[in-house]
Amino acid sequence: MKDANLATGNIKAGTTIFGVAGKTEVVDTTSGDAVAGNILSGKKAWVAGAEITGTIATQTLSATNDTLAAGYYAATTLSAVDTDLVTGNIKSGTTIFGVAGKTEVVDTAGATALQTDIITGKTAFVGGNLVTGNVTAGANVTGGAGSKIITIPDGLYSGSKTATATDVNLAASFMWAGK
């Protein structure tokens with residue numbers, strides 16, 4: 001005599017009845033305690049012998065506000081939520097959500113330079129604006145023959161520059177020996 005219900009699909013996992021092993025998916029759900037609000041929306045689970053359909057909404061993070069609605073959030077990175085969250089957009093010395101600021105990103109509010117303070121062709125940021133200099137770079141100067149005063153032209157000088165006095169009458173042939 002054989003029972004038609006003696007089949008794998010009718011026997012609990014881990015049990016063998018008259019040589020028929022139970023199906024892996026057949027389990028005692030008595031100990032389950034989940035409710036619909038513990039399961040993702042549209043997903044089904046068995047709890048204490050009853051099938052439950054989940055109601056937890058899948059939410060999405062937003063770059064436009066910092067409010068987080070209740071629900072499930074898929075794993076992601078914050079830089080995927082807001083593509084502006086990168087080193088180049090963060091001030092030096094600041095870290096936002098683990099992203100460190102770039103050394104060259106600084107607050108230029110306290111800068112006071114004007115175009116007339118910067119050498120021609122060179123640029124700097126002042127108060128958030130790119131400023132291009134218009135001051136001539138200083139160079140070596142030579143005074144007029146016999147002049148005691150050498151005029152140094154306006155300009156910004158860097159490094160070693162010279163001012164040379166000349167006098168055509170100050171030649172060795174015009175000098176007395178021993179004087």
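Contact annotation: residue pairs with Cβ atoms under 8 Å, 6 or more positions apart or on different chains, pairing a residue in the stretch 39-67 that is within 17 Å of Ala80 (Cβ to Cβ) with a partner that is aliphatic (A, V, I, L, M) and at pLDDT 90 or above, are Thr58/Leu40; Leu61/Leu78; Leu61/Val81; Ser62/Val81; Ala63/Val81. When Thr123, Thr132, Thr95, Thr103 are screened for being loosely packed, with under 14 Cβ neighbours inside 10 Å, over 26 Å from the mean Cα position of the chain (by Cα) and farther than 30 Å from Ser41 by Cα, only Thr132 passes. Answer with yes or no whether Leu114 is in contact (Cβ under 8 Å) with a residue 24 or more places away in the chain and surrounded by 11 or more Cβ atoms within 10 Å (Cβ to Cβ). Spelling it out, it is not the case that Leu114 is in contact (Cβ under 8 Å) with a residue 24 or more places away in the chain and surrounded by 11 or more Cβ atoms within 10 Å (Cβ to Cβ). Only residues that are assigned to a strand (DSSP E or B) and out of contact with any Phe, Trp or Tyr (no Cβ under 9 Å at 6 or more places or on another chain) were counted in the stretch 33-59, giving 7. Inspect the stretch 62-85 for any residue being more than 26 Å from the chain's Cα centre (by Cα) and under 26 Å from Leu6 (Cα atoms) and give the result as yes or no. No: zero hits. Pairs only if they're at least six apart or on different chains, beta carbon under 8 angstrom, first in the stretch 91-103 and without any contact (Cβ under 8 Å) to a residue 12 or more places away in the chain, second in a loop (DSSP other than H, G, I, E, B); list them, first residue then second. Once the first residue is without any contact (Cβ under 8 Å) to a residue 12 or more places away in the chain and sits in the stretch 91-103, its partners that are in a loop (DSSP other than H, G, I, E, B) give Gly93/Gly101; Thr94/Gly101; Thr95/Gly101; Ile96/Leu85; Ile96/Ile90; Thr103/Ser92.
The residues on offer are Ala70, Ala13, and the sole one that is exposed (fewer than 12 other Cβ atoms within 10 Å of the Cβ), among the aliphatic types (A, V, I, L, M) and in a loop (DSSP other than H, G, I, E, B) is Ala70. If only residues of the stretch 76-85 that are exposed (fewer than 13 other Cβ atoms within 10 Å of the Cβ) and β-branched (Val, Ile, Thr) are counted, the one that is nearest to Thr60 (Cα to Cα) is Thr76.
The values are calculated or read from the model by the stated rules, or taken from the named source; none is laboratory data. Because the structure is a prediction, the values reported are computed rather than measured. No Cβ is skipped: glycine too gets one built from the backbone with ideal geometry, and neighbour counts run over all protein chains shown.
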